[in-house]
Amino acid sequence: MKLPLLFFLFLLSESIFGQLTVSSVTSTVSTCPNNGGITITASTTNPPLTYSIVSGPVIQPIQTNSSFTSLPPGNYTVDVADAAGNHSPQSITVTGTYSMIDFVPSKVAPYCPGDNTGSLVGNLVPSTGLAPFTWQLIPASGVPTPTQTSSSFQNLSAGNYTIKATDGCNNLRTIAVTIQDAQTDMMFGSDLSSEKIGCDTMRISFYLMMDKLRYPLNYQYSTSNGNFNLTTETIIDSSHLDTHGYIQIVQDISGLTYGDYIQVAVTNACGDQIVSPVQNTYPFIFYPKYSFNQCGNSVNAVFENTPSVLPYHTFLKQPLTYTLTDLATGLVTASGTASGGMPIAGVAMPNPLVPGESYHLLITDGCGQTFEQDYLIPGEAPPVIINGEVVYDACIDSVVGTYRIHTSGFSTNSRLVLLSGPATLGSTNPEFAYSDTYSYPDTVPGADYFFLSNLAIGTYTYKVIDDCGNELPGTFIIHPQDVTSLGYDHSYRRGCPGENKIYFTMHGGGYVIIRDIVNDTILDEVPFSYYGAFNNDSLLNLPSGPYEITFEFEGTPQYEINDTPMPCALIIDTITIEPYEFPDVLTNNTILCNNSLHLELIPDTSKGVAPYQYEIIAGPELFPLQSSNTFLVSIPGVYTVRIFDACGNAASKQVTVDSITFIDPQAIVDCNNTQIIFPSSVHTTYEWITPSNQVFIGDSLILSPLTPADTGIYQISKIVNINGCVDTFFMDYHVVMNGLINHDYFVCTGDSILISGVYYLPGIYSEVLQSVNGCDSIIQISVLILESQIDTNHVVICLGDSLEITPSIFVNTSGVYIDSLQNVAGCYDFTITNLFVSGASSLVDSIICSGDSVQLGNQYYQTTGIYTDTLVSFSGCDSIATLDLTVLPPKFSTIIHDMCVGESFIHNNILYTQAGTYTQVFPTSTCDSIVTIQISLYPPISINATASNVLDVQYGNVIHLNAQTTGGTAPFSYFWSSEGSLDDNSIHNPMTTVVSSNWFAVTVIDSNGCIAIDSIFIGLSETSTLYVPNSFTPGTGDGFNDVFRVKYTNISEFHILIFDRWGEVIYESTDVNFGWDATYRKKVVQDGIYVYKISALGKDFVKYDLTGHITVLK
């Protein structure tokens, strides 16, 4: 017996019909959200009367009270019924225009942190709530202020407050407000910049970052010439305070010159103080910076006052004159004056210099102070490929965004030629799917760095060449863990008014952009890092409404090596946050248990924010606020209840408590498809026992379609369990159904039958006939198959014999024969005969290779010829087999290969690395080809690179290098490569003058072309330093301080993040040599303060975890 989803058709007992009269239906206005009412006046000769609201903004179940209360405005249909089953539906309208109370608070912060000059104002939204209104302020202490009619609250300090407003409907609106202290603290937005403006005066300038300027400012300067306490500035520029949050201070201080120190402490009117680091104006000393021209034949030279490890310059007294003399000839090669409107920190030579030549430099400033020194111009080191690494992720799926290859020593117009690699790239991820191809060779432009974008998993080979004839090969591998795996997700959570949340996550680099669709404004652009797993973020305190969320994946492609430009992945979706609605009681149940009345309030969970609390504020009995939604009442009647939500907002409603024990269910009857529905409650359970004694539990029962097995008496138990009280009520229903007609038909296999003009194949079908009462009758047609009998025989005869398969029909050839015979049911049975004729002669042609054999009978044959044999089958029939055999001769070839130790030789995809004789057999279209491979190794060669001194190496030391070669075959060629200087890179023992730590690599090649490589590290002291500047001026076009870049020595690991003032990551890098050019999403950022966070590791294993501020000034 099946247990269906049950719809019930029950048979009502016969009633005695009588007179039902409705005299009037009236309504009262809903001045609050739901305090309207409907009253019915009616009479009947068959009491009792029951009343229910069957349609309208709310539905009310059957009750004996003729009044309905706590109704919101709208159109209603009220059903009046008596015991005889008479019904009289009535239409009525409840009017009302109430709008829930709302307000928009405003706030003013205290002038200085810690004082109580702040304020709050409620600002009631017009046309909301019902007068009179009262206001209270609840501070963090939880002790509310006395109730007041004004929404203004004064003399407040910083802290968390809750404003509570109550209207004449007893509805509450609460909003939490935080008053924060004004941000009056300051920070330095730059280093102290110094410029010598007079022979005994330095101009000191710096930037102060702040949200609020609390003037006046006090300055305390500590210098090499004494201490100064000043309350006025030479110049103060506050024009950028409102737009970019900074002011510029300029102070002229006498008695200072090159090499002196200075420190400043600044105090504002609120007592906030900041102190700068001690900073030196740099001595009148100049450091060279070299860059090489085409093929290293000449050098451009710039001499700056400040070494490259420092982030600031001391600007010099103008005019600045210089003279450069060639020491070999004594001739002046350059002279001039550096002056102009911009501050000057050095001089640039107007003409290129000659590598290997020595020069004497003389510089004089505007006060007559001089500097002079001799310089040896270094030569350019030979080219070298330093390393390759993944530096950026991609904005498309399943590739590497950018692979960077670092080279050094190549001339201008160097380029990388990509020779081979994977043939295709693409993704099968449905939301990021694409496909494309690669074409080789592919030339990539570059200089010291080459950037290759959109690389799929695989091995790539390349070479780097330039116009000077340099060429170096290379190989790199993109591993599965290197490529992108893009993904995203989003959701939202409804909260209190203005406190909704959108959650989002993104795997891959880029931005999540959230736009308010109604106001067409961008609310946030959240950057996501390329690194790590899924990153999670959220946007808080949102009003309700539609939002557009865009997942904009970004990469930094430099040179896309795939054939077709690929747009970045872009996902756009819409989120609609439903408007906040005040909490509401959806309906109520009166549950009778052991003669006790329990009022159950069912909240509308689509309104307000759970959890809810409940209280009864008017009626026959009162109850205080509680978390339970049930009340034990002793008196039926009308009660006013109030529901609170987690936002502190509340709404009231009137409900009626009646004493009906078992409310009739709602019946929906549609012939053979019916359903019975009881009111749902967590405190009631309905148990149904079917006519077949099956048990079903639930508020509703469904039978569709209704079958004869489903008809009969159903016993229904209503089990109540509320607040520890358990009770049971009973009811019976009688289920009947319309007629069902069955017809059975039989057909042979493969046939169909014609019934009422329709052909039916085997199966079960239903025909529906409309009856006079509007319900359907069902004719069930069963078309059944009469199976045919099939017999199969296997027969073997000798050649020349025959077989009778049917009367008078004989056959004598192999094959399958079918005979049919009609049975008593009119269908056909079949006999299938599989006939095989044995003993026929056969001829076989066979071609084999030398060494193979062919079997004929019991003999094996390996030579060319014609062979016969007589074979006897299992049936006793003889057959003659003839073999025509051809034997093909073998194929041989020999390969001789010489190679260096460590090299390999590939033949037919087989790799050989050792000397020896090897054999390979290749299948061909005829016989196998045998290849003999003879491999010989040249004498092994090795090299050992040494230096005269690698300990305690100081700046300027001359180190003798040596390459000791062992083995190989003379003569030998040597090639040294390094970023350091070398006097000759083609001898085995060159010299280097140490100005920085460097690796020196040497390659030796013998007469056979065998190669050995070794390297040695010549390092200065491993003490690491890391200095972070605090300002830069991008976009000025002067080539000075245009990029934010750290200054360092001996740093092995590095990671930097730069944030804007809202905490968004706008720059990230793991390359200590790279700098930020003040761009974000390909646009230059605004002037202002930005925060950096740096993690680094020195070669001396010193860890750096730095956080600070950088100021962008344009």
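Note on the stretch 77-107: residues that are assigned to a strand (DSSP E or B), touching a residue at least 40 places away in the same chain (Cβ under 8 Å) and under 42 Å from the mean Cα position of the chain (by Cα) amount to 2.
Only one of the numbered conditions (1) touching a Gly at 6+ places or on another chain (Cβ under 7 Å); (2) under 21 Å from residue 31 (Cβ atoms); (3) exposed (fewer than 15 other Cβ atoms within 10 Å of the Cβ) is not met by residue 140, and that is (2). For the stretch 951-975, the candidate set comprises residues that are among the hydrophobic types (A, V, I, L, M, F, W, C), modelled with pLDDT of 85 or more and buried (at least 16 other Cβ atoms within 10 Å of the Cβ); within that set, the residue that is farthest from the chain's Cα centre (by Cα) is 972. Counting residues in the stretch 351-359 that are within 30 Å of residue 324 (Cβ to Cβ), in contact (Cβ under 8 Å) with a residue 24 or more places away in the chain, surrounded by fewer than 18 Cβ atoms within 10 Å (Cβ to Cβ) and touching a Ser or Thr at 6+ places or on another chain (Cβ under 8 Å) gives one or more.
Considering the stretch 108-137 alone, what residues qualify as being in a loop (DSSP other than H, G, I, E, B), of a type in the set (A, V, I, L, M, F, W, C) and under 23 Å from residue 179 (Cβ atoms)? Spell out how you get there, then give the answer.
Pass one, the stretch 108-137, residues in a loop (DSSP other than H, G, I, E, B): 109-117, 122-123, 125-133.
In the following step, the residues that additionally are of a type in the set (A, V, I, L, M, F, W, C) were identified as 109, 112, 125, 130-131, 133.
Passing the criteria: 109, 112, 125, 133.
Every residue, every condition in (1) part of a loop (DSSP other than H, G, I, E, B); (2) surrounded by 19 or more Cβ atoms within 10 Å (Cβ to Cβ); (3) among the β-branched types (Val, Ile, Thr), yes or no:
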| site | (1), (2), (3) |
| --- | --- |
| 154 | no, no, no |
| 168 | yes, no, no |
| 183 | yes, no, no |
| 207 | no, yes, no |
| 216 | yes, no, no |
| 219 | no, no, no |
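List the strands (runs of 3 or more DSSP E) that sit entirely inside the stretch 388-467 and contain at least 2 residues that are under 30 Å from residue 571 (Cβ atoms) and touching a Pro at 6+ places or on another chain (Cβ under 7 Å). Step through it out loud before you land on a result.
Details: elements: 400-408, 415-420, 424-427, 434-437, 442-445, 449-455, 458-465.
Result: 400-408, 449-455.
Farther than 28 Å from residue 37 by Cα, at pLDDT below 90 and among the small types (Gly, Ala, Ser): which single residue out of 114, 122 fits that description? Working first, answer last.
Values: 122 fails: at pLDDT below 90.
Going through 114, 122 in turn, the sole match is 114.
Residues in the stretch 289-303 that are at pLDDT 85 or above and surrounded by 19 or more Cβ atoms within 10 Å (Cβ to Cβ): 299, 301, 303.
Only residues that are under 25 Å from residue 392 (Cβ atoms) and either surrounded by 22 or more Cβ atoms within 10 Å (Cβ to Cβ) or outside the structural domain of residue 504 (by TED's automatic domain parsing) (or both) were counted in the stretch 536-553, giving 2.
Take the conditions (1) out of contact with any strand residue (DSSP E or B) (no Cβ under 7 Å at 6 or more places or on another chain); (2) more than 23 Å from residue 555 (Cβ to Cβ); (3) surrounded by 17 or more Cβ atoms within 10 Å (Cβ to Cβ); residue 1045 misses just one of them, which is (2).
Considering the stretch 779-893, the qualifying strands (runs of 3 or more DSSP E), each wholly inside and each with 1 or more residues that are closer than 30 Å to residue 922 by Cα and modelled with pLDDT under 80, run over 842-849, 854-856, 878-888.
Restricting the search to strands (runs of 3 or more DSSP E) fully inside the stretch 561-660 and requiring at least 1 residues that are under 24 Å from residue 167 (Cα atoms) and in contact (Cβ under 8 Å) with a residue 12 or more places away in the chain gives 585-593, 596-603, 613-618, 623-626, 637-644, 650-657. If the condition is being surrounded by fewer than 17 Cβ atoms within 10 Å (Cβ to Cβ) and at pLDDT below 85, then the stretch 554-577 contributes only 556. Among the residues making up the stretch 369-402, those that are small (Gly, Ala, Ser) and either without any contact (Cβ under 8 Å) to a residue 24 or more places away in the chain or within 30 Å of residue 481 (Cα to Cα) (or both) are 388, 394, 398, 401.
Determine whether the stretch 28-39 contains at least one residue that is surrounded by fewer than 18 Cβ atoms within 10 Å (Cβ to Cβ), at pLDDT 90 or above, in a loop (DSSP other than H, G, I, E, B) and aliphatic (A, V, I, L, M). Checked the stretch 28-39: at least one residue is surrounded by fewer than 18 Cβ atoms within 10 Å (Cβ to Cβ), at pLDDT 90 or above, in a loop (DSSP other than H, G, I, E, B) and aliphatic (A, V, I, L, M).
Which number in (1) at pLDDT 90 or above; (2) over 29 Å from residue 453 (Cβ atoms) marks the one condition that residue 398 misses? The failed condition is (2).
Can you tell me which residues in the stretch 898-914 are assigned to a loop (DSSP other than H, G, I, E, B) and loosely packed, with under 14 Cβ neighbours inside 10 Å? Let's see the steps before the verdict.
To start, the set of residues in the stretch 898-914 that are assigned to a loop (DSSP other than H, G, I, E, B) comprises 900-904, 908-909, 913-914.
Residues satisfying the conditions are 902, 904, 908, 909, 913, 914.
Taking the numbered list (1) modelled with pLDDT under 85; (2) touching a Phe, Trp or Tyr at 6+ places or on another chain (Cβ under 6 Å); (3) assigned to a loop (DSSP other than H, G, I, E, B) in turn, residue 1114 passes all entries but (2).
I'm checking my understanding of the structure. Among residues of the stretch 487-513 that are crowded, with 18+ Cβ neighbours inside 10 Å and of a type in the set (S, T, N, Q), which one is farthest from the chain's Cα centre (by Cα)? Among residues in the stretch 487-513 that are crowded, with 18+ Cβ neighbours inside 10 Å and of a type in the set (S, T, N, Q), the one farthest from the chain's Cα centre (by Cα) is 500. Residue 1087 meets all of the listed conditions (1) touching a helix residue (DSSP H, G or I) at 6+ places or on another chain (Cβ under 8 Å); (2) within 30 Å of residue 1019 (Cα to Cα) but one, namely (2). Applying the criterion of being over 30 Å from residue 1005 (Cβ atoms) and of a type in the set (S, T, N, Q) to the residues of the stretch 909-927, the residue that is modelled with the highest pLDDT is 919.
The values are calculated or read from the model by the stated rules, or taken from the named source; none is laboratory data. None of the values given here were measured: they were computed from a predicted structure. Neighbour counts are summed over all protein chains in view; Cβ atoms, including those assigned to glycine, are modelled from backbone coordinates with ideal geometry.
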